[in-house]
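Following: one structure in structure tokens, then a few remarks.
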Amino acid sequence: MATLGLLCLPGQKLKDHFIVAPGELILLSDGQGGTTRQIGTSFAAPLVTGAVAMLHQRWPWLKNFPQETAGIILDSAKDLGAPGVDAVYGHGLLDVEASQSPLNYNNLVWYTVQNAR
């Protein structure tokens, strides 16, 4: 990749706004009743789109908050490569399951009300 100039260099913000998703050996219909395996970003993009659609189905109000939606997808990705956001994998690998439960329950604050009427 470095020879193609596709790496994000320090100071560039692109790496802060991307993840990777499976796009190799994706099992697809061959159109004749069987299956075949294909590769390419054309197969990765629908996985990310589907994860966003699932978020919006589960929490419809997120449709009005695209930055927060993107943040959930990015922050829930599985870290790959160098620790943290890096120039090759960005935030990491799309994790659909993690994106569907974006709360860190260890950080929740519980309030109790006394003398509630």
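For residue 57 and residue 113, FRET efficiency with R0 = 30 Å and r from the beta-carbon atoms, rounded to 0.05? Efficiency computed from Cβ-Cβ geometry: 0.40. Per residue, the range 16-76 exposes an accessible area of 70 Å² to a 1.4 Å probe, with every protein chain left in place. Annotation: extensible slack from residue 64 through residue 97 equals 9.7 nm (criterion: 0.36 nm per residue apart, minus Cα-Cα distance). Classification of the range 27-109 by its C-alpha gyration tensor yields an oblate form. The axis ratio a/c (a ≥ b ≥ c) is 1.5 or more, and b/c is at least a/b. At full extension, residue 29 and residue 49 could sit 5.2 nm farther apart than now, given 0.36 nm per residue minus the alpha carbon distance. With a simple spin-label model that places each label point 7 Å from the Cα along the Cα-to-Cβ direction, the separation between residue 36 and residue 80 comes to 2.5 nm.
Judged by the mean number of other Cβ atoms found within 10 Å, the most tightly packed of the peptides 34-45, 51-62 leads the ranking 51-62, 34-45.
The values are calculated or read from the model by the stated rules, or taken from the named source; none is laboratory data. Note that the structure is a prediction, hence the values are computed from the model and not measured. Positions of Cβ are generated from backbone atoms using ideal geometry, with glycine treated the same way; all protein chains shown enter the neighbour counts. For the accessible areas, the whole protein counts, side chains as well, though only heavy atoms, and no ligand, DNA or RNA atoms are used. Shrake-Rupley method; radii C 1.70, N 1.55, O 1.52, S 1.80 Å.
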